[in-house]
Amino acid sequence: MERTTQRDLLHAREASLQGLLVAGLDGDADAYREFLQQLSGHLRGFLLRRLYARPEDAEDLLQEVLLAVHNARHSYQREQPLTAWVQAIARYKLADHLRSYGRRDALNDVLDDADELFAHAQLEPAQAQRDLGKLLQQLPDKQRLPIVHVKLEGLSVEETARLTGLSGAAVKIGIHRGLKVLAAMIRGAR
C-alpha cells in the first residue's frame, strides 16, 4: 500500500509540474514562476545527492540548470514526461560541471609545505574524500552512481534504482563490480 502511495505522489508531482509548465508556455507568467520555484526544490535535492563531495556548488549549478530549462522550454513536447526531460538537462549540466571541476583540479598544484600549513588530522579526511572522488569519477555511471547512492549516501537499493533508472539487480551488480574495480585501483596505486 505504501508503495502505491509513493507512486501516486510521484505521479501527482509530475502532473502538477507539467501543468504549471504547460500553463506557463501558454502565457501564464504566474504559473511559470510557480513551476520554476517548485522545480528548484526538486532539482536542489537531485544535485545535492550527486555533488556529495562539493555541496557548495549545488546552488550555482541549480541556477545553470534552471536557465537551461528556461532556454529550452520551447523544445518541451507536452506528451513527453516532464521529469525525464528536466533530468536529461540536469544530467548534462552536472556532467559538464564535473568535467570542468576535474580540469580545474588537475591545474591546481598542491602546496609543497602543506604539512606546515595544516594539521595532519584536518588534512587527511579531506585528502581521502578528494582521492575517493577522483577514483569514483573513473568508474562508469552504472558502477559509480550505485556506490555513491547506496554506500556513501545510505540510500536503499530500491531508491537508487528509481534515481538512476537502473534495475535493483543492476544496482547491486554495479556496486559489486565497482567496488572490485576501486579495490584494484587502490592496490595498483600502492
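The values are calculated or read from the model by the stated rules, or taken from the named source; none is laboratory data. These numbers were taken from a predicted model, which means no experiment stands behind them. Using ideal geometry, Cβ is built from the backbone for each residue, glycine included, and neighbour counts are taken over all protein chains shown.
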* Which of (1) within 23 Å of the chain's Cα centre (by Cα); (2) part of a loop (DSSP other than H, G, I, E, B) is the odd one out, the single condition Arg13 does not satisfy? -> (2)
* Structure fact -> Matching residues in segment 157-190 (surrounded by 13 or more Cβ atoms within 10 Å (Cβ to Cβ) and basic (Lys, Arg)) number 3
* So, of the residues in segment 75-113 that are assigned to a loop (DSSP other than H, G, I, E, B) and acidic (Asp, Glu), which turns out to be modelled with the highest pLDDT? -> Glu79
* To do: Go through the residues of segment 36-48 one by one and say whether even a single one is assigned to a loop (DSSP other than H, G, I, E, B), out of contact with any Ser or Thr (no Cβ under 8 Å at 6 or more places or on another chain), in contact (Cβ under 8 Å) with a residue 40 or more places away in the chain and within 25 Å of Thr160 (Cα to Cα).
  => no
* Does Leu25 qualify as being under 23 Å from the mean Cα position of the chain (by Cα) and surrounded by 12 or more Cβ atoms within 10 Å (Cβ to Cβ)? -> no
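Whether any residue in segment 137-148 is part of a helix (DSSP H, G or I), under 24 Å from Glu64 (Cα atoms), of a type in the set (D, E, K, R) and at pLDDT below 80 is what I want to check.
Of segment 137-148, the ones part of a helix (DSSP H, G or I) are 137, 141-148.
Okay, now just the ones that are also under 24 Å from Glu64 (Cα atoms), so 137, 141, 144-145, 148.
Now drop any that are not of a type in the set (D, E, K, R), which leaves 141, 144.
From what's left, at pLDDT below 80: none.
For segment 137-148, residues part of a helix (DSSP H, G or I), under 24 Å from Glu64 (Cα atoms), of a type in the set (D, E, K, R) and at pLDDT below 80: absent.
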* Asked: Do any residues in segment 51-71 that are within 18 Å of Thr83 (Cβ to Cβ) and at pLDDT 90 or above have Cβ atoms under 8 Å from those of residues that are aromatic (Phe, Trp, Tyr) and surrounded by 12 or more Cβ atoms within 10 Å (Cβ to Cβ), where the two are at least six apart or on different chains, and which pairs are they?
  -> Ala68/Tyr92
